[in-house]
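Before any comments, here is the structure.
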Amino acid sequence: MREFFPEVKKVKYEGPDSKNPLAFKHYNPKQKVMGKTMAEHLRFAVCYWHTFKGLGADQFGANTIVRSYDDAADPMERAEQTMHAAFEFFTKLGVDFWCFHDRDIAPEADTLAETNKRLDKIVALAKKLQRDTGLKCLWGTTNAFSHPRFMAGAGTNPNPHVFAYAASQIKKAMEITKELGGQGYVFWGGREGYDTLLNTDMKRELDHLALLLQLAVDHKKKIGFKGQLYIEPKPKEPTKHQYDFDAGNCFAFLQKYGLLPHFKLNIEANHATLAAHTFHHELEFCAVNGILGSVDANRGDLLLGWDTDQFPTDLYDTSLAMYIILKAGGFTTGGLNFDAHVRRQSIDNLDLFYAHIGAMDAFARGLKIASKLMRSKVFEKAVNKRYSGWDTDFGKKVAAGKMDFTKLEAYILEKGEPKLQSGRQELLENILNEYI
Ligand code: XLS
Ligand code: NI
Ligand code: NI
């Protein structure tokens with residue numbers, strides 16, 4: 001068998017004192033943290049698109065990265081080699097999951113029927129490689145945004161012919177995800193938005209987007225696909241305004257159209273910051289509303305206003321993210337998918353390994369820090385204290401809706417000004433630093 005990543009045999013855990021850049025210092029898959037192994041908590045996935053198909057091209061320049069699996073002249077031979085290379089990488093790195101778009105794994109042919117035949121061929125290979133290696137599919141998705149036919153959207157396209165194309169593509173992508181035992185299926189509305197309202201019927205577009213999702217729910221049932229459906233919010237890019245702007249926006253949309261029971265969210269760190277939220281905020285919003293599903297683990301650059309999809313290395317981010325995930329009871333079908341790509345100048349195979357190793361270690365440390373926060377309950381205690389007025393007889397009566405405006409006014413007329421209390425932000429930030 002041809003080896004595509006000969007530089008690395010197998011990435012192992014060597015502990016915090018190791019100086020080996022190709023070893024984990026913190027991610028020890030079998031180590032137990034709060035009753036589960038690190039691997040069970042973190043459920044790491046490698047994404048197919050950036051990792052194997054992203055070769056460094058940007059809006060200003062061509063590919064910079066040359067990979068050996070990409071050398072065959074025939075597109076299907078290239079797709080098969082890429083699949084072999086991907087499973088070699090997954091195995092050497094030691095992740096349990098992978099994620100893909102339909103168009104990442106097999107190139108489009110001239111007709112939908114031909115394209116679907118290609119998909120079947122590649123999916124048979126992927127299924128065999130999953131069996132051989134024990135790898136699992138975290139989620140599949142459709143690329144209904146790259147092809148020119150989707151320039152004005154997929155579900156939100158002004159032309160029903162394009163809507164039908166998107167539906168056909170999603171149908172097939174759900175079927176192959178089921179075939180691969182996928183634990184989830186993601187909808188990221190790549191061009192489901194608008195660039196100018198002067199040519200846009202927003203009401204229709206929102207209705208049609210909801211309809212497409214409802215048809216997907218129906219098809220899921222029809223084929224007996226058991227995976228969790230997710231929406232991945234993003235506020236902008238490629239369109240100026242995306243309908244799935246952020247978690248709050250998706251929550252309202254799902255409720256309005258009666259789709260809430262069928263969907264959870266896939267929160268991407270960089271999309272949160274593009275929406276002027278923190279990653280932490282988006283995760284907490286999902287957790288308190290019962291829609292926390294899965295995570296696209298990456299980071300942006302606050303000095304750049306776009307989706308840089310960098311590998312996560314910030315311990316504050318990973319610690320606070322894992323803290324919320326642990327508080328919410330941990331992942332069930334979801335996991336941490338590295339929707340991230342190496343920088344354009346990071347052209348070596350080794351850079352792909354360094355990127356993933358660093359990200360996995362950053363989340364392993366985040367998990368350890370979060371478990372300490374959970375055990376000490378330091379923030380939980382501070383928050384409970386801050387809201388303790390609501391646990392008094394008076395607070396309970398107000399919360400239960402037993403005090404109308406007149407009674408509340410009478411209370412103030414009798415008691416006067418409330419006593420002020422400090423929010424203690426600086427102290428709490430110092431405490432967080434102690435844990436990190
Ligand atoms: C793009 C999105 C995309 C989704 C899958 O910004 O993050 O990669 O995760 O379509
Ligand atoms: Ni993503
Ligand atoms: Ni992104």
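Here are a few things to note about the model shown:
- Probe 1.4 Å - accessible area at Tyr411, Å² to nearest ten: 70 Å²
- Here nothing in the chain passes the span test, since no DSSP H helix has an alpha carbon length of 30 Å or more along the helix axis and a Kyte-Doolittle mean of 0.5 or above.
- Label-point separation, Asp201 to Arg78 (7 Å along Cα→Cβ), nm: 4.0 nm
- Each residue was assigned an accessible area with a 1.4 Å probe, and for Trp188 the value is about 60 Å².
- Sequence-distant residues sharing a close amide H with Leu336 (under 5 Å, placed H): Phe44, Ala45
- Accessible surface, per residue, of segment 162-301 when the full set of protein chains is kept, probe 1.4 Å, Å²: 40 Å²
- Probe 1.4 Å, protein heavy atoms only - accessible area per residue of segment 104-153 in square angstrom: 47 Å²
- The 1.4 Å probe gives accessible areas that order His219, His262, largest first, as His262, His219.
- Considering only Lys226, Lys203, Lys419, the mean-square fluctuation computed in a Gaussian network model of the chain, springs between alpha carbons under 10 angstrom, is largest for Lys419.
- Note on exposure: Ile431, Ile357 ranked by accessible area (1.4 Å probe, complete protein assembly) read Ile431, Ile357, with the most exposed listed first.
- Value at 222 nm in deg cm²/dmol, rounded to 500, when DSSP H runs of n ≥ 4 in the chain each add -39,500 (n - 2.57): -14500 deg cm²/dmol
- Tyr316 sits with roughly 90 Å² accessible to a 1.4 Å probe, with DNA, RNA and ligands left out of the calculation.
- Distance between the 7 Å Cα→Cβ label points at Thr406 and Ala276: 4.2 nm.
- Members of Lys127/Lys220; Lys264/Lys377; Lys53/Lys127; Lys385/Lys419 lying beyond 24 Å, as alpha-carbon distances in this model show: Lys264/Lys377
- Computed from the C-beta positions of Gln345 and Ser388 and an R0 of 51 Å, the FRET efficiency is 0.45 to the nearest 0.05.
- Value of Rg to Rh for the chain (Rh from inverse mean 1/r over Cα pairs, i.e. Kirkwood): 1.01
- Remark: segment 192-199, residue by residue, has Karplus-estimated 3J(HN,Hα) of 7, x, 9, 9, 8, 6, 5, 10 Hz, where x stands for each Gly or Pro and the curve is 6.51 cos²θ - 1.76 cosθ + 1.60 at θ = phi - 60°.
- Structure remark: mean-square fluctuation, Gaussian network model of the chain, C-alpha springs under 10 Å; the largest value among His147, His101, His281 belongs to His147.
- Mean Cα-pair separation over length for the chain, i.e. relative contact order, pairs under 8 Å, 6 or more apart, %: 16 percent
- Shown is the FRET efficiency for Leu427 and Lys397, computed with R0 = 22 Å from the Cβ-Cβ distance and rounded to the nearest 0.05: 0.10.
- Here the spin labels are modelled as points 7 Å beyond Cα on the Cα-Cβ line, and at Asn63 and Asn20 they lie 3.2 nm apart.
- Springs between Cα atoms under 10 Å define the GNM used for the chain, and in it the highest mean-square fluctuation of Leu22, Leu197, Leu93 occurs at Leu197.
- Estimated FRET transfer efficiency (Ser168, Leu125; beta-carbon r; R0 30 Å; 0.05): 0.85
- Magnitude of the charge dipole for segment 256-316, about its Cα centre and with charges confined to Cβ atoms of Lys, Arg (+1) and Asp, Glu (-1), is about 300 debye.
- Accessible surface of the chain, 1.4 Å probe, proportion on carbon and sulfur as whole %: 55 percent
The values are calculated or read from the model by the stated rules, or taken from the named source; none is laboratory data. Fair warning: this is a prediction, and the values are worked out from it, not measured in the lab. Don't worry about glycine lacking a Cβ; one is built from the backbone with ideal geometry, like all the others, and counts go over all protein chains shown. Heads up: the accessible areas ignore ligands, DNA and RNA and are worked out on the full protein's heavy atoms, side chains in. Shrake-Rupley method; radii C 1.70, N 1.55, O 1.52, S 1.80 Å.
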